[in-house]
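Q: Have a look at the structure that comes next, please.
The values are calculated or read from the model by the stated rules, or taken from the named source; none is laboratory data. Predicted, not measured: the structure shown is a model, and the values here were computed from it. For neighbour counting, all protein chains shown are included, and Cβ atoms are generated from backbone atoms with ideal geometry for every residue, glycine included. Areas reflect the complete protein model, heavy atoms only, side chains present, ligands, DNA and RNA absent. Shrake-Rupley method; radii C 1.70, N 1.55, O 1.52, S 1.80 Å.
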Amino acid sequence: MASPLVSIENVDMRYGGPTGTLAVSGLNLKINRGEFVAVVGPSGCGKSTLMKLTTGLHIPQTGAVIVANQQVTKPVSIVGMAFQNPTMLPWRTTLENILLPLEIVERHRHRLRSHKAEYVAKAEKLLETVGLKGFGEKFPWQLSGGMQQRANLCRALIHEPELLMLDEPFGALDAFTREELWCVIRDLHASQDVTIVLVTHDLRESVFLADKVVVMSARPGRVISEHVVPFERPRQLELLYEPAFNEMVQKLHGEIATARAAA
Amino acid sequence: MTTLDTTTPVAVPPKPAFKVDWVRLAPFLYTVGLFVIWEIGVRISGLPHTILPTPTRVFEAIIQYWSPIWKNSLQTLYTTVLGFMIAVVAGLGIGLFIGWSRTIYAGLYPIMVGFNAIPKVALVPILVIWFGIGTVPAVLTAFLISFFPIVVNVATGLATIEPETEDVLRALGAKKMDIMLKVGIPRSMPYFFGSLKVAITLAFVGSVVSETVASNSGLGNMMASAQSNFNVPLVFAGLLMLAVEGIAMYALMAWVEKRMTGWAHRSTMAN
Ligand SMILES: Nc1ncnc2c1ncn2[C@@H]1O[C@H](COP(=O)(O)OP(=O)(O)O)[C@@H](O)[C@H]1O
Ligand SMILES: [Mg+2]
């Protein structure tokens, strides 16, 4: 069995010096290659902190974060990130926004100019995958919220990251758009060789998409339980109305309610 | 206001040969209206020229003294634009420097505010001691008074980058320089171009103040000497020329702003 892609070992992370907020404490988590992991927990429990620790945006005071067999001491460029707020740059077209990571990542930035056509083709293919074919020339502010979030996913994927980190990416969308995007993510995960970590407060979303749901305690956050999701892939939206599905959602709900009460 | 009595049937869209665009005409109509009210007001009240001349009298003065007015207008325009251009370069540079890091921003911001609180007219005597009277103190006063809004706007544009954007880029291995070039600077451009309209207006204030107290040329000086000769129509002629120059430069800056940062007017990011 290969070593996990991400391994978080006994991590403590405190913001703002020795007397600051202890965001996570005694955090342990392993994520295997190709896995789809959803992280749920009460708000403020350190889910975003977990994201930032994994990507190397924060370095923990104690414990170790190991990504791809290397201890994280600086940002790791094998990840792509997407947040709730799509943060597209309004002065760039959607296509130019999607190409932005390539202007940054060491491996691509020197090749970008000479291989422009190849990269543009790749971006257009990604746009097609998320259902935005032909929208590359539009500016982000000409797109709806759901479309912006799709473009945001393309931007997170353009440099072919091994690990895709999504921090409540669909929080600001309406229910129908959200379900559409669940399917987009599901298909991305099925068709590409990528490991996905999804932070969410929507328990149905976590059960529908993930192979494994990780529940965190209230702050200082740590993992209190991990649940393997038993449903077969490919999963269809009908699954949302099956009793077994709702049972699992309810069980998770109960656990989080307890975790909140304990805080 | 624009309801005209039309007998056009409802089905056919009314298409008059000359459609008067009242909104576009409004500035001209209102300006003419202002002059008319001014003219009538002065005539009815019988105020002497030496207190408030009529617009016709002011226009007469403009024609009568056209040569000095023209020369001094150009001089004022020259000092103002020169001071303004120095302010643009310095303001952009200092703004980028201040916005670079939160520490520099925190440290220099109060100093800048303090500096800006000093009435620039109080600096003119010092500038005169250093550079003598004439063009140099006028240019410098225009510069000093107009560069602050540019600095503040550029620095604010840089310092208010969304943390998420920064995180996304830093996670990819972006250096501070990358973030500034890809996000910070383009993002601060609408703030920068927006500040130019304010800055050019202030630059006129600076140059005219300095000309008034410490120069032998320019509209400020011309008005000061006209005033000491009780030539009030000429004073008003000078004011009118300043207004014309001010409007022209403001319109130019507004146009530049629109050309350079059209995206910001459509998106909701900058206002
Ligand atoms: N940059 C920061 N500085 C200080 N405290 C922070 C910072 N970021 C997060 N925190 C604190 O750490 C805790 C966990 O935050 P976060 O990871 O964002 O929670 P979640 O994403 O689960 O809602 C919260 O109490 C929050 O107030
Ligand atoms: Mg969060």
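Q: What tally of residues in segment A:144-163 results from selecting those that are more than 11 Å from every other protein chain (Cβ to nearest Cβ) and part of a loop (DSSP other than H, G, I, E, B)?
A: Final tally of qualifying residues: 3.
Q: Consider A:A259 against the criteria (1) away from ligand 1 (no atom under 16 Å from the Cβ); (2) out of contact with any helix residue (DSSP H, G or I) (no Cβ under 6 Å at 6 or more places or on another chain): it satisfies all of them except one. Which criterion is unmet?
A: Of the numbered conditions (1) away from ligand 1 (no atom under 16 Å from the Cβ); (2) out of contact with any helix residue (DSSP H, G or I) (no Cβ under 6 Å at 6 or more places or on another chain), the odd one out for A:A259 is (1).
Q: Right, here's the next one. Yes or no: A:E160 more than 16 Å from ligand 1 (Cβ to nearest atom) and among the acidic types (D, E)?
A: For A:E160, the condition - more than 16 Å from ligand 1 (Cβ to nearest atom) and among the acidic types (D, E) - is met.
Q: Mind listing just one residue for me: the one in segment A:93-107 that is of a type in the set (D, E, K, R) and at the interface with chain B (Cβ under 8 Å from one of its Cβ atoms) and, of those, least open to solvent (accessible area, probe 1.4 Å)?
A: Per the stated criteria, the residue is A:E103.
Q: May I ask you to verify whether A:A117 is open to solvent by 30 Å² or more (accessible area, probe 1.4 Å), outside the structural domain of A:A38 (by TED's automatic domain parsing) and away from ligand 1 (no atom under 16 Å from the Cβ)?
A: yes
Q: OK, next. I'm told B:K182 meets every condition in (1) crowded, with 21+ Cβ neighbours inside 10 Å; (2) without any contact (Cβ under 8 Å) to a residue 24 or more places away in the chain except one. Can you identify the failing condition by its number?
A: In the conditions (1) crowded, with 21+ Cβ neighbours inside 10 Å; (2) without any contact (Cβ under 8 Å) to a residue 24 or more places away in the chain, B:K182 misses (1) alone.
Q: Right, next: When the residues of segment B:42-98 are narrowed to those that are in a helix (DSSP H, G or I) and of a type in the set (F, W, Y), which ends up least open to solvent (accessible area, probe 1.4 Å)?
A: In this case the residue turns out to be B:F84.
Q: Working carefully through the options A:L5, A:L29, find the one that is modelled with pLDDT of 90 or more and away from ligand 1 (no atom under 16 Å from the Cβ).
A: A:L5
Q: Hey, which of the helices (runs of 4 or more DSSP H) in segment A:31-128, taking only ones fully inside, have at least 1 residues that are within 16 Å of ligand 2 (Cβ to nearest atom)?
A: Filter on segment A:31-128 gives A:47-55.
Q: Another question, if that's okay. Run A:I196 past the list (1) touching a Phe, Trp or Tyr at 6+ places or on another chain (Cβ under 9 Å); (2) within 15 Å of ligand 1 (Cβ to nearest atom); (3) of a type in the set (A, V, I, L, M, F, W, C) and report the number of the one that doesn't hold.
A: Here A:I196 clears every test but (2).
Results for (1) out of contact with any helix residue (DSSP H, G or I) (no Cβ under 8 Å at 6 or more places or on another chain); (2) within 18 Å of B:T165 (Cβ to Cβ), shown as yes or no for each residue.
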{"residue": "A:V120", "(1), (2)": "no, no"}
{"residue": "A:E128", "(1), (2)": "yes, no"}
{"residue": "A:D167", "(1), (2)": "no, yes"}
{"residue": "A:F170", "(1), (2)": "no, no"}
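Q: State whether one or more residues within segment B:133-143 are touching a Ser or Thr at 6+ places or on another chain (Cβ under 6 Å), farther than 30 Å from B:L219 by Cα and either open to solvent by less than 10 Å² (accessible area, probe 1.4 Å) or of a type outside the set (S, T, N, Q) (or both).
A: no
Q: I'd like the full set of residues that are assigned to a helix (DSSP H, G or I), open to solvent by less than 60 Å² (accessible area, probe 1.4 Å) and within 15 Å of B:V154 (Cα to Cα), limited to segment B:99-123.
A: Within segment B:99-123, B:G99, B:I104, B:Y105, B:L108, B:M112 qualify.
Q: State whether the residues of segment B:31-39 include one that is at pLDDT 90 or above and open to solvent by 100 Å² or more (accessible area, probe 1.4 Å).
A: Yes; the residues of segment B:31-39 include at least one that is at pLDDT 90 or above and open to solvent by 100 Å² or more (accessible area, probe 1.4 Å).
Q: Can you find a residue that is within 16 Å of ligand 2 (Cβ to nearest atom) and either in the same structural domain as A:I256 (by TED's automatic domain parsing) or surrounded by 21 or more Cβ atoms within 10 Å (Cβ to Cβ) (or both) anywhere in segment A:155-166?
A: Yes, some residue in segment A:155-166 is within 16 Å of ligand 2 (Cβ to nearest atom) and either in the same structural domain as A:I256 (by TED's automatic domain parsing) or surrounded by 21 or more Cβ atoms within 10 Å (Cβ to Cβ) (or both).
Q: Could I ask something else about it? Within segment A:65-84, which residues are away from ligand 1 (no atom under 13 Å from the Cβ) and open to solvent by 20 Å² or more (accessible area, probe 1.4 Å)?
A: Correct list: A:I66, A:A68, A:N69, A:Q70, A:Q71, A:T73, A:K74, A:P75, A:V76, A:S77, A:I78.
Q: Would segment A:175-195 turn up any residue that is farther than 26 Å from B:R170 by Cα, surrounded by fewer than 19 Cβ atoms within 10 Å (Cβ to Cβ), among the aliphatic types (A, V, I, L, M) and without any contact (Cβ under 8 Å) to a residue 40 or more places away in the chain?
A: Scanning segment A:175-195, I find at least one residue that is farther than 26 Å from B:R170 by Cα, surrounded by fewer than 19 Cβ atoms within 10 Å (Cβ to Cβ), among the aliphatic types (A, V, I, L, M) and without any contact (Cβ under 8 Å) to a residue 40 or more places away in the chain, so the answer is yes.
Q: Could you grab the pairs with beta carbons closer than 9 Å, sequence gap of 6+ or different chains, first residue in segment A:35-48 and within 10 Å of ligand 1 (Cβ to nearest atom), second one among the β-branched types (V, I, T) and in a helix (DSSP H, G or I)?
A: A:V40/A:I256; A:G41/A:I256; A:P42/A:I256
Q: Within segment A:108-121, does at least one residue satisfy the condition of being on the phi < 0 side of the Ramachandran plot, of a type in the set (V, I, T) and more than 12 Å from chain B (Cβ to nearest Cβ)?
A: The answer is yes, given that some residue of segment A:108-121 is on the phi < 0 side of the Ramachandran plot, of a type in the set (V, I, T) and more than 12 Å from chain B (Cβ to nearest Cβ).
Q: Starting from segment B:96-117, take each residue that is touching a residue at least 40 places away in the same chain (Cβ under 8 Å) and list its partners that are of a type outside the set (F, W, Y), counting only C-beta distances under 6 angstrom and pairs at least six apart or across chains.
A: Going by the 6 Å Cβ cut-off, the qualifying pairs are B:I98/B:I104; B:I98/B:L108; B:I98/B:A155; B:G99/B:A155; B:G99/B:L158; B:G99/B:A159; B:Y105/B:I98; B:Y105/B:A159.
Q: Quick test for you: out of B:V205, B:V154, pick the one residue that is touching a residue at least 40 places away in the same chain (Cβ under 8 Å), among the β-branched types (V, I, T), open to solvent by less than 30 Å² (accessible area, probe 1.4 Å) and assigned to a helix (DSSP H, G or I).
A: When all the criteria are applied, what remains is B:V154.
Q: Considering only residues that are within 17 Å of A:I8 (Cβ to Cβ) and open to solvent by 10 Å² or more (accessible area, probe 1.4 Å), look in segment A:214-237 and name the one that is nearest to ligand 1 (Cβ to nearest atom).
A: Going through the qualifying residues, I end up with A:R219.
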